[in-house]
Amino acid sequence: MPLSSLNSEQLSAATAPFGKNLVIASAGTGKTSTIVARIAHLLQSGIKPEEILLLTFTNKASSEMIERVGRYFDKSVVKKIESGTFHAVSYRLLKKAGFEIVLKQPKDLKILLRSIVEKRNFTHIDHTVKPYTASYLYDIYSLYQNKASQDSFAVWMAEHYPDHEPYCDIYAHIFDEFIDLKKRFGYVDFNDLLIQFRDYLLEHPQPFKELLVDEYQDTNLLQNSLIDAFGSESLFCVGDYDQSIYGFNGAEISIIGSFDERYEGANIYTLTKNYRSSGSILSLANRVISKNERLYPKQLEVTKEGDFPPPKLLIFDELFEQYEQIAQLIQASSTPKEEIAIIFRNNASADGVEANLRELGIPCRRKGGTSFFDSQEIKALLNLFSIMLNPKDMMGFIHLFEHVKGVGSVFAKELFDALYKVGEGDIIQGLLHPKDKKNPYKKGVVNHQMGLFDEFYDEQNLSKYKKQGYNENFLKNPVLKNSKINSELMAFLHHFYHFVKDNRHLKMPRSVIKNAIQSPNFQLIAQQLATKRATQRDGSIHEGQKEEALQKIQTRASLLEHLAKNYQDKHRFLNALTLGGSEMSEGEGVNLLSIHASKGLEFREVYVVDLMDGRFPNRKLMSKNGVEDGLAEERRLFYVAVTRAKERLYLSFAKYDKLKKIDYIPSPFLEEAGMITLP
């Protein structure tokens, strides 16, 4: 049975008396085993399965726990246990009670909110700060709901966003109308679901004798009010205040910190035996996290036996060098690739490592951010490269030319077919030296009722382009006569013509990629992507976000150029990246994880990268997210990252970014860890 395999601390917690119980379960101390054992203990004590409710933060976690309970009890018993996320349980029980619920995703409701915001007039307010977009307002209101504030939205808004105080009454009226509109259509979002279920519980108590809550440190005030609304006789909450990392999403560490104050006679249990990490890894983690306030006393004990190396600090002169060298260390490592993780605070950090792993042919899978090679800017550069190398790459051509305004996939294929025809099977020849001078868009004889005639596309007059300085040989190409070719496409084709003409004989992949990055074609695509990423819900362009997006695009492009330096042959370079892409799609190899995505996982070998002040801790996000103590939250993120490691831990930072021309200083967490002394 589950109880027989527990240590004394786990057993004491799992067999706690009915009442209000909190279990402080630090990283690697057997939290899941304790919860499973608690459910088994309840069933053995005569509690009916339908009187047990398990709330988790992912459906995967609840299904895994219930599956483990099912190893010891009959399926007919286990299936009666109610379990799932806060939202899943709320939805099921409301539906069971007869409620008609039309659950809508935030992206759909943001469109509805925008229709209300766009009717509002803010121009009469003389204020230097622009009003928020509908999308951002929706997120703010969601945070307000998660905080379960007793203040009105206008009052709460004025307190937390003082720069927008002149707009707060208008914002409040917008949401009054928004709420009425949702009621009219029967729409609810995720927060509405919890609020509706909480209010229902206050009038209709449920028959759950014990409520178990996993990851209790990540609950927000709205979720906590739902827990209290159940009014269960017994509460069994499991969490670790040192792993509370969702403050940006409304989670309140004070909820776990005040447990014994809010519930009279509460029992606090602490699991101190760590089964995951080596002693030196655990010691490093404890040195750093001890700088945060200790909400409950705890001192972790090492149980892992073996001779393991101490955590190692990797120092690099330059940012790209860091990524390149880490990839080489992983290549040389004897640890199975599936047991290696690279953990990052910022998505940009993962791009460099992923690119270099791919270059070495090391498969990897990424969670918590878009893959470097799946980003549109990298695909565009590789398409530009590939078309020149393989004139039959129709899909590459279509995807590249779809970036041009007014060009869809259908017309892009028509253009490809036309170049293919005049080049007699080679679109590069068709572009530079068309052999067939006939109209490539001619469809041949068509019978329209009684008449027989040749069908042609309308031809456009190209004389205006001669005046604009277009290459005369280029303008002689028959594919340009189609009147559907607008000025944007004409310019794109002209730049593409010069790019192919100037680069097709270059042998070094890096030279081609470098020129591709500087080409007007790619610069246009970069501007287009940056503009799209900076476009607000109201259609306006946020210039700061656009500049930031352009910088990220340039960084990724530079990484691709950096990769190409190791190749002497263009075909080998392209094939290496293409083969790497298929390996990544299989989901095997090295794990690339954001810290939030790494939570709950463990690996034999872990690399925590970019430990530079400003990037980790991320000073920008600290100020943006509005967490009460941003540095403490960043420190908890560091603690979560390093405690994923079982045997080997590498911490790395770079001194300089040659692209942005930025000098870095090491993260303060490295000094707190005793790895470095800062001046």
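Below, the figures for the structure above:
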{"quantity": "Rounded accessible area of C168 (nearest 10 Å², 1.4 Å probe)", "calculated": "0 Å²"}
{"quantity": "Antiparallel bridges, percent of DSSP beta bridges restricted to the chain (to nearest 5)", "calculated": "20 percent"}
{"quantity": "Under 5 Å, built H, 5+ apart or other chain: amide partners of D613", "calculated": "I665, S667"}
{"quantity": "Per residue, the convex hull volume that the Cα atoms of segment 131-194 enclose (Å³)", "calculated": "83 Å³"}
{"quantity": "Stretch gain in nm, segment Q325-E293, where the contour uses 0.36 nm per residue and the Cα spacing is subtracted", "calculated": "7.9 nm"}
{"quantity": "At R0 = 41 Å, FRET efficiency that the Cβ-Cβ distance of N249 and S409 yields, to 0.05", "calculated": "0.60"}
{"quantity": "Computed helical MRE - 222 nm, the chain, DSSP H runs ≥ 4 contributing -39500 (n - 2.57), nearest 500", "calculated": "-14500 deg cm²/dmol"}
{"quantity": "Of K20/K75; K60/K104; K392/K484; K437/K476, pairs whose Cα-Cα distance is over 18 Å", "calculated": "K20/K75; K60/K104; K392/K484"}
{"quantity": "Spherically averaged projected area of segment 211-261 from its Cα convex hull (nm²)", "calculated": "3.3 nm²"}
{"quantity": "Principal axis dimensions, segment 501-568 - Cα atoms, whole angstrom, descending", "calculated": "47, 24, 13"}
{"quantity": "Radius, Kirkwood style, for segment 149-235 when every pair of distinct Cα atoms is counted (Å)", "calculated": "15.3 Å"}
{"quantity": "Solvent exposure ordering (accessible area, 1.4 Å, most first) of M508, M395, M675, M490", "calculated": "M395, M508, M675, M490"}
{"quantity": "Quotient of Cα Rg and 2.2 N^0.38 Å for segment 310-438, N being how many residues it contains", "calculated": "1.48"}
{"quantity": "Cα convex hull of segment 73-113, projected area averaged across orientations, nm²", "calculated": "4.2 nm²"}
{"quantity": "Å² per residue, accessible surface of segment 244-355 at 1.4 Å", "calculated": "44 Å²"}
{"quantity": "Viscosity 1.002 mPa s, 20 °C: Kirkwood-radius Stokes-Einstein D of segment 626-679 over Cα pairs, µm²/s", "calculated": "163 µm²/s"}
{"quantity": "Stokes-Einstein D in µm²/s, Kirkwood radius over Cα pairs - segment 63-207 at 25 °C with 0.890 mPa s viscosity", "calculated": "138 µm²/s"}
{"quantity": "On Cα atoms only, tilt of 86-96 relative to the major axis of the chain in degrees", "calculated": "80 degrees"}
{"quantity": "Accessible surface of the chain, 1.4 Å probe, proportion on carbon and sulfur as whole %", "calculated": "49 percent"}
{"quantity": "Surface accessible to a 1.4 Å probe, per residue, for the residues of segment 619-679, Å²", "calculated": "47 Å²"}
{"quantity": "Evaluated over the chain, the Cα radius of gyration and Dmax, each in Å", "calculated": "30.2, 96"}
{"quantity": "Accessible surface, 1.4 Å probe, highest first, among residues H571, H505", "calculated": "H505, H571"}
{"quantity": "Heavy-atom accessible area order for I245, I665, largest first, 1.4 Å probe", "calculated": "I665, I245"}
{"quantity": "Accessible area of H498 in the full protein assembly, 1.4 Å probe (Å², nearest 10)", "calculated": "60 Å²"}
{"quantity": "Using alpha carbons only: equivalent-ellipsoid semi-axes of segment 1-77, gyration tensor based, whole Å", "calculated": "18, 15, 13"}
{"quantity": "Solvent-accessible surface (1.4 angstrom probe) belonging to V155, in square angstrom, nearest 10", "calculated": "80 Å²"}
{"quantity": "Three-way shape label, segment 265-317, alpha-carbon gyration tensor, a/c 1.5", "calculated": "oblate"}
{"quantity": "In nm, spacing of pseudo-spin labels at E233 and S483 (7 Å Cα→C-beta vector)", "calculated": "8.4 nm"}
{"quantity": "Qualifying GluC sites (Glu not before Pro) for segment 396-440 [loop in DSSP, other Cβ within 10 Å: at most 16]", "calculated": "E402, E424"}
{"quantity": "Rounded tilt (10° steps) of 509-518 against the dominant C-alpha axis of the chain", "calculated": "90 degrees"}
{"quantity": "Folded to 0 to 90 degrees: helix 168-185 orientation relative to the chain principal axis, Cα", "calculated": "90 degrees"}
{"quantity": "Extension gain, D163 back to L475 (0.36 nm per residue minus Cα-Cα distance, nm)", "calculated": "106.8 nm"}
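The values are calculated or read from the model by the stated rules, or taken from the named source; none is laboratory data. Please read these numbers as outputs of a predicted model, since none were measured by experiment. As a convention, Cβ positions derive from the backbone with ideal geometry for all residues, glycine included, and neighbour counts pool all protein chains shown. Protein only, heavy atoms only, side chains kept; ligands, DNA and RNA dropped before computing areas. Shrake-Rupley method; radii C 1.70, N 1.55, O 1.52, S 1.80 Å.
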